[in-house]
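Here is the structure we will look at, set down as structure tokens.
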Amino acid sequence: MDKLNFLTAGVPLKAGNKGYELGFQILDKMGLDGLELEFVRGVRISDKSRDAVSNSKKVITAHAPFYVNLNSKEEDKIDASVQRIIETAQVANELGGYSITFHAAYYMGMSKDLVYNQVKSQMKIITDALSKVENKIWVRPETTGKGTQWGDLEEIINLSKEFETVLPCVDFSHLHARYNGISNTYDEFCQIFEKIGNELGQNALDNFHAHVAGIEYGDKGEKKHLNLEESDFNYKDLLKAFKTFNVKGAVVCESPNIEDDAKLLKDYYLSL
């Protein structure tokens, strides 16, 4: 990527139910760079929407359906999860997508090592399947917002070392919520970029995928997303750290007011 791009998580709200075509016009008007396809309940997109996305010349990422658990106790649920991730990668790639992300797994009361190995073995199936059809889209497990969910920064960096097309999706709001309020200062954000650069190389900072939102949290981590200005999330220092490390890629805004906060983020970043 040649710069840091600011995206909405889904079609801008101002488009109402008019879909992608109007959505992209709104993004243009607001000076935003693209959007994340939200395959919340399944990897479905109409032909009309496909055309609008393909023709948009915007940065496109995709979020796999929320029902994914690569560590389920039921084999058929693991298989279905693998399939959903592969389908997301296939559709996103067909539409010129840059990157896909997903919440990978739950610990289910098991040890971190056991779960890591289980996620790794399923990621091998996913990356092998995509490699067979020469799909080189970035596949990214996301840092998660609760201690019950697999996916702290360390785990996701380690997994990224194992596969050529796997890199982290760093949800900074999730990291802030997961540890009940830490990961919220300029120094802490810089440490995250430094760690990723040191362990995964400059390529990971030049091809970044981040999620940002305001967030409400408690002892057990994430409760819900909030608008940035209604939250204690320190987005200004995060953007300063992005600038310091000259990070390039996609920042997806997941606040409830997706396009307004995406614009807030971009405007502040450009003012630095």
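The values are calculated or read from the model by the stated rules, or taken from the named source; none is laboratory data. On a predicted model such as this, the values are computed, not experimentally measured, just so you know. Please note: Cβ atoms are built from the backbone with ideal geometry, for glycine as well, and neighbour counts cover all protein chains shown. SASA here: full protein model, heavy atoms, side chains in, ligands and nucleic acids out. Shrake-Rupley method; radii C 1.70, N 1.55, O 1.52, S 1.80 Å.
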Could you check the stretch 110-141 and list, in sequence order, the residues that are closer than 17 Å to Asn93 by Cα, of a type in the set (Asp, Glu) and assigned to a helix (DSSP H, G or I)? Asp128
Quick check on Ile60: is it assigned to a loop (DSSP other than H, G, I, E, B) and either surrounded by 13 or more Cβ atoms within 10 Å (Cβ to Cβ) or among the hydrophobic types (A, V, I, L, M, F, W, C) (or both)? no
Within the stretch 1-11, track down each residue that is touching a strand residue (DSSP E or B) at 6+ places or on another chain (Cβ under 7 Å), under 15 Å from Tyr269 (Cβ atoms) and open to solvent by 30 Å² or more (accessible area, probe 1.4 Å). Met1
Only listed residue being of a type in the set (A, V, I, L, M), over 20 Å from Leu32 (Cα atoms) and surrounded by 24 or more Cβ atoms within 10 Å (Cβ to Cβ), chosen from Ile215, Ile192: Ile215
Filtering the stretch 12-39 down to residues that are open to solvent by 50 Å² or more (accessible area, probe 1.4 Å), touching a residue at least 12 places away in the same chain (Cβ under 8 Å), under 23 Å from Val212 (Cα atoms) and not basic (Lys, Arg) yields Leu13, Glu38
Residues being in a loop (DSSP other than H, G, I, E, B) and either open to solvent by less than 10 Å² (accessible area, probe 1.4 Å) or modelled with pLDDT of 95 or more (or both): count how many of those fall in the stretch 63-84. 9
Enumerate the pairs (first residue in the stretch 188-208 and closer than 18 Å to Ser99 by Cα; second residue anywhere and open to solvent by 50 Å² or more (accessible area, probe 1.4 Å) and assigned to a helix (DSSP H, G or I)) with beta-carbon separation below 8 Å, excluding pairs fewer than 6 apart on the same chain, so at least 6 apart or on different chains. Leu200/Lys161
Of the residues in the stretch 198-257, how many are part of a strand (DSSP E or B) and either of a type in the set (Ser, Thr, Tyr) or out of contact with any strand residue (DSSP E or B) (no Cβ under 8 Å at 6 or more places or on another chain) (or both)? 2
